[in-house]
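To start, the structure itself, in structure tokens.
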Amino acid sequence: MQTTFTPEQLQDPKIQRANQILRSCVHCGFCTATCPTYQVLGDELDSPRGRIYLIKDMLENERVPDAKTVGHIDRCLSCLACMTTCPSGVHYMHLVDQAREYIEDRYKRPFSDRALRWVLARVLPYPTRFRVALLGAKMARPFARLLPDPRLRAMIAMAPKQVPPVSRNDDPQSFAPVVPRIKRVALMTGCAQKALNTDINDATIRLLTRLGCEVVVAKGAGCCGALTHHMGKSGESHAAAARNITAWTAEMDGDGLDAIVINTSGCGTTVKDYGHMFTRTDMEGDARRVAEKAMDISELLVQLMTPEHIARSPNMAAMGIAGTDATGPGGNERAVTVAYHAACSLQHGQQIKTHPKTLLKMAGFGVVEPADSHLCCGSAGTYNLMQPEISAQLKARKVRTLEAKNPDIIAAGNIGCMMQIGSATGIPIVHTVELLDWATGGPRPPALARTRNSPPQVPILR
């Protein structure tokens, strides 16, 4: 793509990066085939190629964003399926993030939009605040239909019927391995996940210590910054990221770290991009060190888990799922069928596509995938709250394709996807690591007490 940035504009490192990305685009349109919003809306401007043209015009002309441009960019999920599809290697993620920052700095949104985004930015990344908000939303549920704004109704609908108690495992501390130590790793405990589902981090700690890892929850680490980063609020997102970088480099420079383990794939995509986020800043060196150590939990588990870990599990003969005639891989009937949902941030953002399925199969589960597994479920961070109509259509399609496989369980590697899908199906949905923990000696995931015909709840926690 030809660009016309002036030499003066190209003195800005951000414009340099945008120019590089824009010039790599060859207008082929392959991205439209895998763009969820283009498939739903059918508008070229709601495809990656269309948005690239809008961003190019806005940046080249230093134009104050108009409502039309903002609307099309806001409707982008940042699922990054376009990056997987693109034959030219267009780094759409960096471009759309820059556009969002540009819009945040130069466009005055309607008051209701500003208020909603302000609330989300100051509640979701803070577990205690988020818990209080969830309890408030739970109380407001009977009155949700009276609210005129569908986004507020979506926020109330998101609240789980039951908020789990705080897990003290999320406090800063170190967990010793139960076998001779192989690795020392830091676990990112996250923010929203700590309020919505404490089972995931608990299962991760049990599994890693069982496999020979000392697991450290670093003091000062918290939200990765993704939620505010994708709103264009770079000051807030960089401040959150900087706190993590400081916390983890202190561990790296102290007793050392072999990995920074992340079990929420949306966070993992952001942490692995810290080097870019802090380019040409004083923290760039440490940010790149952190990014290089960051690993999705599945990346570490494929290094550590072996069939021998499964063979000595005491739970393999007791993997029956409530309400079915299934038994586990060690039983006399069929294997438990797991429909694996590939989170966009994992398969597109981090290009991790086979590890979770490989691990589940090693554990003895029968693994199936839905049709169009590359398409987003519509969660996408805060997207299901800010764009509820489009999100609902994507959710309905994803649930249909998952249920068509008639699984006993749905597994995913991202809390947002779990909430989104769990709100529309009675099939138990759990994190992949919960199943692997169970298969290697951990407790049965609480969500599996439900049956396939149970009514949906948001999310399926207990």
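The values are calculated or read from the model by the stated rules, or taken from the named source; none is laboratory data. Not measured: the values here are computed from a predicted model. So basically every Cβ, Gly included, is an ideal-geometry build from the backbone, and we count neighbours across all protein chains shown. SASA here: full protein model, heavy atoms, side chains in, ligands and nucleic acids out. Shrake-Rupley method; radii C 1.70, N 1.55, O 1.52, S 1.80 Å.
Here are a few things to note about the model shown:
- Extension gain for residue 175-residue 145 works out to 6.2 nm (0.36 nm per residue, less the C-alpha to C-alpha distance).
- Measuring with a 1.4 angstrom probe and ignoring ligands and nucleic acids, residue 278 comes out at about 10 Å² accessible.
- The separation of the stretch 104-146 from the stretch 163-216, counted between C-alpha centres, amounts to 29 Å.
- Residue 68 accessible area, 1.4 Å probe, all protein chains in place, Å² to nearest 10: 130
- Eigen-decomposition of the gyration tensor built on the alpha-carbon atoms of the stretch 173-240 gives equivalent ellipsoid semi-axes of 28, 13, 8 angstrom, largest listed first.
- Of all accessible heavy-atom area on the chain, the percent that carbon and sulfur account for (1.4 Å): 54
- For q = 0.18 Å⁻¹, Debye-computed log10 I/I(0) when each Cα of the stretch 75-174 counts as one equal scatterer: -1.03
- For the chain, Cys with no neighbouring Cys Cβ under 4.7 Å: 25, 28, 35, 76, 86, 213, 377, 417
- Those aspartates and glutamates that a straight Cα-Cα span of less than 17 Å connects to residue 398, excepting residues fewer than 8 apart in one chain: 369, 372, 389, 408
- Whole-Å semi-axes of the ellipsoid equivalent to the stretch 188-278 (Cα gyration tensor, √5λ, descending): 23, 17, 10
- Annotation: residue 258 carries an accessible surface of approximately 80 Å², with a 1.4 Å probe and no ligand, DNA or RNA atoms counted.
- Relative to the longest principal axis of the Cα atoms of the chain, helix 234-253 runs at roughly 50 degrees.
- For the cross-link pairs 272/353; 293/361; 14/353; 14/56; 161/233, the ones whose C-alpha atoms lie over 19 Å apart are 293/361; 14/353; 161/233.
- Crossing angle, helix 127-140 versus the chain [Cα axis fit, 0-90 degrees, rounded to tens]: 90
- Protection proxy ranking, peptides 122-128, 302-308, 377-383, average beta carbon neighbours within 10 Å, highest first: 377-383, 122-128, 302-308
- Gyration tensor (alpha-carbon) shape descriptor, the chain, a/c threshold 1.5: prolate
- For peptides 14-22, 438-446, sequence by mean Cβ density within 10 Å, most packed first: 438-446, 14-22
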